[in-house]
Every structure is written in C-alpha cells, then in structure tokens.
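Just so it is clear, none of the values below were taken in a lab; they were calculated from the coordinates. Note that the structure is predicted; figures quoted are calculated from it, not measured. Counting neighbours? That spans all protein chains shown, and the Cβs are built from the backbone with ideal geometry, glycine included.
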Amino acid sequence: MTTALVTGATGFIGWHVAAHLRDTGWQVRGLVRPGGTTGDVLPDDVRPVPGDVRDVAAMSRAARGVDAIFHVAAIYSLCRRKAQKVHQVNVDGTQVVIDVARREGARLVHTSSVATIGIPADGTHGDEETPQPMAQVIGAYKRSKVEAEALVRRAAATGLEAYVVNPSAPIGPGDRRPTPTGRIIADALSGRMPAYVDTGLNLVDVRDVAAGHLLALERGEPGRRYILGNAWGNVTLRQILEMVHRAGGPPPPARRIPHAVAIAAAAADELVEGRILRREPRAPLDGALLARKRMLFSPQRAIRELGLPQSDVGTALHDAVAWIRDHGTREAVAA
C-alpha cells in the first residue's frame, strides 16, 4: 500500500487532502506541530506524526519510507507583524521538505497558490503562463508563496519528481480557522460586513482541490503548475454575498465603498489589532491592497490535463454555511 505524508493536515486544504488520500486507499501520515493549536484535528485513520516543517530531523523521521509528500503546510496571514514567521515557514520550510523528499526518494506535490500567478491588465482571467510583475507581489505572504514555488520548480528542473498546484479560493465544510474566504462567509452570516468593495475571486470546492492534488501526482508533468479552480467560479465579492444570502444568510450590504476608504480602514485595523493588540487583523492592509484587482483565473489546464472535477460552487458555499452554523469558526491564534 502506498504511503503519504501530508504537511498542514490539520488545516483546511490539508485536512481534505489527507481525507481524500485515505479514501482512495493510501496510508496517510499527518504532520502535527508539537503543542499545536487547541482544536486541531486530523481525519479519522490518518496517523499523526509530530514535527515542524522547519525541523530537518523531525521532517526526516516523519517522511521515512513514504512514497509521496503532499506539502500543504503554510502560514496564510496577511498581517505585516508576522512577516518573518511567514517567510520561515513558507519558504525555509519548503526547502526542508524538498531536501527530505530528495533523501527519501519521495515524490512531492507542493501546494502553492494563485498568489504566484499574474492578473492580466485587460481584465481577462490569469492562467499558469501569465507573468506576474513585481508590482503585483504585495505583502510577505504573497512573496513567500512566489519564493517557495520557485524553489520547488528549480528542484524539479534538477531531477526531483515534484508537482505544483495552485488553489484559487477554496470553500466548503471544515474551514475552522478560517481562511480569508471562509471569514468572508462567516462575517456575512453574522452581519459583520456593513459594506463591500469591488473585487473578485475564483471560488472552488475544497474537495475538488483535494482531488486535484492526487491527480497532479498521477497525471501531471513534473515541474508544471496547475491552477486548481473552477471554470464557473469567477465571481465578484458582491455575488459571493448574494450567494450567502441565498444559502440562508442576511441580505448583502447595499453600500459599496471605494478602495481608498477600505485601505485607510485596513491600515487602522492593522495598527490597532495587528501591532497594538497583537491579534490577526480582520481587515489586513495587504488584503485591502490586493483587493484593488479582481483575482480571476482559468483552471483549463488542470481540467484538460488532470481531469480536475468541477463541482458546483453554489453547493460548496451552501455546505460551508451549514458547517459554520453547526460548528462555528475560530480565529487564527496570535503569534
């Protein structure tokens, strides 16, 4: 039986990747940080192994004898105060994973992000070949994902069997922390979103994203990157709020605010929440800066070459709403 190590297996995407591998017959180990956050859980029958992606010895023990490593772990934070830790985990940790995969002879699937892909100036959808000008690389998180992906693609060019997947904005059940997209849904449900800005995202069912990880390993080309998104998932923020309303949430806010106002409010939130109170800002400044462009993408390569599933994003959003109502979410821990 084939064995996989999943880093980040207690996170939103990682949990679903581990569950999908288990359901398709793999033996799965889930990397769990020693002293991890209370409430972290793994799917049933996934064996926890202690370790931190920055710890070479712990990663080597966790990966011993595995056939594949699915490197999903990352700090997804736009809080500027966390920039150093974001780089350490997302970039330095990825280098450790690459080195361990080489030593163990394991194949590697690296979870990158559409944050590494450019947004066309003409408003069309970005794809895997869209260049990203440095002016679009805003904030420590986005820089870290660009750098980490480059490490993996260089390793693939020198012989490591490694694949890169770039999820767009996953939605669905189990978004505990939550992700930024999950927070939008939770805030809309609770009425904590009095206004919105003109921006857009590519929504995708998180279960399709999980399936895409294994499909990349089975059908992908080493070193090639694949957007794990939905061809019908390119929507505006206003449309997302309307979808939440149709799923039983309150009516969407009627007021649209200019980006300049949102950026000013985010700068204040970053100062008070991020630096003074040392909590994750609800509206981080880098997030407001990124929202000036609609982040719309085409997943056609993954559909064509991998057979990426295209589940209905409306159903995924209904599932996310139902899960949040049953379980709630918890804020990311300040660190």
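Electrostatic bookkeeping for ASP52 treats Lys and Arg as +1 and Asp and Glu as -1; over the other residues with beta carbon under 13 Å from its beta carbon, the sum is +2. Summarised in one figure, the compactness ratio Rg/Rh of the chain, Cα atoms and Kirkwood Rh, is 0.94. Under 5 Å from the amide H of ARG33 lie the amide H atoms of GLY51, each residue being 5 or more positions distant or on a separate chain, with H modelled from the backbone and absent for Pro and chain starts. Quick check: Cα centre of the stretch 90-148 to Cα centre of the stretch 1-56, how many Å? Using only Cα atoms, the two centres lie 21 Å from each other. Label sites at GLN300 and GLN132, each approximated as a point 7 angstrom past Cα along Cα to Cβ, lie 2.2 nm apart. Extension gain for ARG47 to ALA157 (0.36 nm times residue separation, less C-alpha to C-alpha distance): 36.4 nm. Each Lys and Arg Cβ is given +1 and each Asp and Glu Cβ -1; about its Cα centre, the chain then shows a dipole of about 800 debye. Helix-only mean residue ellipticity at 222 nm, the chain, DSSP H runs n ≥ 4 weighted -39,500 (n - 2.57), per residue, nearest 500. What is it? That calculation yields -11000 deg cm²/dmol at 222 nm. Other residues lying with their Cβ under 15 Å from the Cβ of ALA19 contribute a combined charge of -3, Lys and Arg counting +1, Asp and Glu -1. A full extension of the chain between ALA231 and LYS85 corresponds to an added length of 49.2 nm, given 0.36 nm per residue minus the alpha carbon distance.
With R₀ set to 25 Å, the beta-carbon distance separating ARG103 from ALA150 gives a calculated FRET efficiency near 0.75. Taking Lys and Arg as +1 and Asp and Glu as -1, the other residues whose beta-carbon sits under 13 Å from that of ASP67 total 0. Each residue in TRP323, TRP232, TRP15 was given a count of other beta-carbon atoms within 10 angstrom of its own, and listing them fewest first yields TRP232, TRP323, TRP15. Taken along the Cα-to-beta-carbon direction at a fixed 7 Å, the label points for ALA254 and ASP23 span 4.2 nm. Look at the alpha carbon pairs under 8 Å that are at least 6 residues apart: their mean separation over the length of the chain gives a relative contact order of 19 percent. The phi-based Karplus calculation (6.51 cos²θ - 1.76 cosθ + 1.60; θ = phi - 60°) puts the 3J(HN,Hα) values of the stretch 123-136 at x, 6, 7, x, 9, 5, 9, 6, x, 10, x, 4, 5, 8 Hz, whole numbers, x for Gly and Pro.
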